[in-house]
Amino acid sequence: RCRLPPPGLRLPPMTPDLCFEPSDSLPPSRYVLLVSGTMSPPHVGHVRLGLSAAAALRADGHSVDAICFLPVHDNYLCNKVAAKCSSGASGADLLAFPMCDRCLLLRALLAREAAGELLSRCHVLEYEHSCGGSLLEPSPGYWAPRLPSGYLQTVPTAALVAHFAAHSPLLRQGSGARLGLVFGADNLAGMASWNAPEKLLQQTDLVLLGRGTGSVQVGEAPSALLSALRRLEVRAPLPVLSGRRELLGGSSGSFVRRAAAGEGTLFLLPALEGGDEDLSSTAVREALAAGESANGGGGGAA
């Protein structure tokens, strides 16, 4: 059963299995942060996403041992381009940056945005490629319906997280560090359709930064994803909705769900400041495509 909140504290309406109570803040913890995504191409917003997440966690009393940037496997980008082609897209939608170029650009951006000890804690890893094909899996929930005639296997986020947690020297045994998976909060809308979303919070906490929107609408019931969610740390309210029903995130504070099946924590943190919020890889690709067109389709934008 859920206790009534203190007078004046508004709790988000919950489904019975997502019932949170107000609690003390999460005790100080150690984190290794993972920033994953297509990053095709990377821009300064990707770098600042990881740096801002680390700064917010430190301000809350936690320590951050490392910030790791892991672009997704090239197969994902091949599927994305194939899906765009099948829908008749052209130009910027068909541009994609291979893993080696994405990592090179990320390292250049980090050298500009971080320095000293902070830079030494930042790592750009071709992790999904360096593991060979061992992490590649079919994607019946995501790519199969988008490319029914066939698609390349990709690396599910849950598989990436589990492998990293088991094998990365940054999480050496006895260090006490836990993974924190960093995304823009808008990604929560589609996480329920990922491969094995229920496994995510078994291995990592979710560190989500706002995206300047008033709410996030989940496309399908996120019960599997959130089954292991025990704690909710809201530093920037962002209602997560299913239809018209608010699931969580509408009130600042610390909350606990005592009936949770696991020990996962979800952080909702402030959005990036200023113009960083408007940066996007799509806009960069569109600018490149326009430059190539203006130069007769050649390599003038390179």
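The values are calculated or read from the model by the stated rules, or taken from the named source; none is laboratory data. In this text the structure is predicted, and so the values were computed from the model without any measurement. When we count neighbours, we look across all protein chains shown, and the Cβ atoms used for this are built from the backbone with ideal geometry, even at glycine. The area values use the complete protein model at the heavy-atom level, side chains included, leaving out ligands, DNA and RNA. Shrake-Rupley method; radii C 1.70, N 1.55, O 1.52, S 1.80 Å.
If you go through the stretch 20-49 and pick out every residue that is of a type in the set (Asp, Glu) and outside any loop (DSSP other than H, G, I, E, B), you end up with 1. Here Ala166 meets each of (1) assigned to a helix (DSSP H, G or I); (2) within 30 Å of Pro22 (Cα to Cα) with one exception, condition (2).
Every residue, every condition in (1) modelled with pLDDT of 95 or more; (2) at positive phi, yes or no:
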residue: Met14; (1), (2): no, no
residue: Leu18; (1), (2): no, no
residue: Ser86; (1), (2): no, no
residue: Gly91; (1), (2): no, yes
residue: Leu95; (1), (2): no, no
residue: Leu109; (1), (2): yes, no
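Residues that are part of a strand (DSSP E or B) and open to solvent by less than 60 Å² (accessible area, probe 1.4 Å) are absent from the stretch 96-111. Scanning the stretch 187-231 for residues that are surrounded by fewer than 18 Cβ atoms within 10 Å (Cβ to Cβ), modelled with pLDDT of 80 or more and in contact with a Ser or Thr (Cβ under 7 Å, 6 or more places away or on another chain) yields a total of 0.
Of all residues in the stretch 229-263, those satisfying the criterion of being under 18 Å from Gln202 (Cβ atoms), touching a Lys or Arg at 6+ places or on another chain (Cβ under 7 Å) and in a loop (DSSP other than H, G, I, E, B) are Arg257, Ala260, Gly262, Glu263.
Kindly indicate whether Arg107 is over 16 Å from Arg285 (Cβ atoms) and among the basic types (Lys, Arg). Steps first, please.
Numbers: over 16 Å from Arg285 (Cβ atoms): yes; among the basic types (Lys, Arg): yes.
Yes, satisfied.
Mind telling me which of the residues Leu170, Leu105, Leu119 ends up being among the aliphatic types (A, V, I, L, M) and more than 17 Å from Val32 (Cβ to Cβ)? Matching residue, one of Leu170, Leu105, Leu119: Leu105.
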